[in-house]
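**Q** Have a look at this one.
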Amino acid sequence: MDEAANVTIEIYKAYLEIDNWGSGQFRKEILMTLINNQSKPVGENTETWDGRDSNGNILEPGVYLYVIKTDSGDNRIDIHDPRYVSGSVTISDTSVTPYSYNPYANERVEIKYSLFQPAWVTIGGWGMPKFIIEAEPRDQGENSEIWDGRDGLGNIVTNELSIAARAEILPDNVIVLMKDTSLQITDVSTDAYVIIPAYGEISTVKYSLSKSASVSVTISDPNGNNWTLVESEDQSQGAHSMEWDGTNAEGKLVWPWSDGPEGDYTVHITAVDSSTNTTVTKRANIHVYR
């Protein structure tokens, strides 16, 4: 600063709301005050923010802004809060592999792309009801997304799909809290992925953890009914598996001893790292025949 002043720094959460591939609508909402009306000297000053709210809780990954207000007295007030001007960021080196896959068998697709600079990224398919990812921050350089073949509502996409992506610039006064990638759920599968419970057939849910975590596993049927197989169980790093015998929350076979629907049942595997407040969820499919 070129003169001493009382300084206030506010932290905001920033959003870019995408409407059917149209221009994103930028908005922000105040989250906390980092410092409030503190006297600061002439020259360079620094403040440190650790990504926590005023109660000490680690904030979720996303885009945040800082706004600096200075009061030098005699109504000499200055505010550093650059106006956001939207604009596209160049996306290059795109690839989708494999080109053909079976989401019902829990096969997944890797979408690779490179960004000229950090950006809000949206990826989806023409005609899908919601995006695969919507206005999430990604860094400059090569990026990769793993897609399980489901739309933003969780439904398996059955038709041939053209994947599209767009990237928009981030605000000038941005702070990006990135996802903690040390916790990963990989090698997700169901064996078999097609069963007839009335014949005594079962499916083994398999997955691997990159580190120890608290794990919950739930199943939802095509009608949206949910029940829990494992709840908040501490599990170690490495491979894990469990069997589902086609029973519902009451312990009855979804058919014929209850009126469970035929179709695709979704397994949700959620791992929580309490030390970093990181939550990761992966999905798998089991098709149930009567």
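Just so you know, all these numbers are worked out from the coordinates, no wet-lab data involved. The structure presented is a predicted model; accordingly, all values stated were derived computationally and were not measured. All Cβ positions, glycine included, derive from the backbone under ideal geometry; neighbour counts span all protein chains shown.
**Q** Under 18 Å Cα to Cα from Lys40, which lysines show up? Leave out anything in the same chain fewer than 8 places away.
**A** In chain and number order, the partners are Lys69.
**Q** Let me ask something additional. Expressed in nm to one decimal, what extension gain is obtained for the pair Ala239 and Glu107 from 0.36 nm per residue of sequence separation less their Cα-Cα distance?
**A** Extra length available between Ala239 and Glu107 comes to 45.7 nm.
**Q** Using the number of other C-beta atoms within 10 angstrom as an exposure proxy, rank Leu229, Leu153 with the fewest first.
**A** With the sparsest Cβ surroundings first, the list reads Leu153, Leu229.
**Q** GluC sites (Glu not before Pro), restricted to the range 233-290: which are DSSP loop and have at most 10 other Cβ atoms within 10 Å?
**A** Here the sparse-neighbourhood loop sites are Glu250.
**Q** Between the range 108-134 and the range 183-241, what's the alpha-carbon centroid distance in Å?
**A** So the separation of the two Cα centres works out to 27 Å.
**Q** Taking the structure as given and computing volume of the Cα convex hull per residue in Å³, which label from [x] 150; [y] 162; [z] 134 fits?
**A** [y]
**Q** Continuing with this model, one more query. Of the candidates Lys179, Lys40, Lys130, which one comes out as most mobile in a Gaussian network treatment of the chain with C-alpha springs shorter than 10 Å?
**A** Fluctuation is largest for Lys40.
**Q** Placing unit charges on C-beta atoms (Lys and Arg positive, Asp and Glu negative, everything else neutral), compute the dipole magnitude of the chain about its Cα centre in debye, rounded to 20.
**A** In debye, rounded to 20, the chain gives about 240.
**Q** Give the shape of the range 149-283 as rounded, prolate or oblate, defined through the alpha-carbon gyration tensor: a ≥ b ≥ c are the square roots of its eigenvalues, a/c under 1.5 means rounded, and otherwise the shape is prolate if a/b is larger than b/c and oblate if not.
**A** Oblate.
**Q** Turning to a different aspect of this structure: Exposure proxy check: His240, His80 ranked by fewest other beta carbons within 10 Å?
**A** His80, His240
**Q** Fewest first, what order do Phe131, Phe26 take by the number of other Cβ atoms within 10 Å?
**A** Least crowded to most crowded, the residues run Phe26, Phe131.
**Q** Once the piece of chain linking Asn55 and Tyr15 is laid out straight, how much longer is it, given 0.36 nm per residue of separation minus the C-alpha distance between them?
**A** Extending this stretch completely gives an extra 12.2 nm.
**Q** Where in the range 85-177 are there GluC sites (Glu not before Pro) that are in a DSSP coil and have at most 15 other Cβ atoms within 10 angstrom of their Cβ?
**A** Glu107, Glu160
**Q** Note the full-extension length gain between Asn6 and Lys40 as 0.36 nm times their separation in residues minus their Cα-Cα distance, in nm to one decimal.
**A** The Asn6-Lys40 span can extend by a further 11.6 nm.
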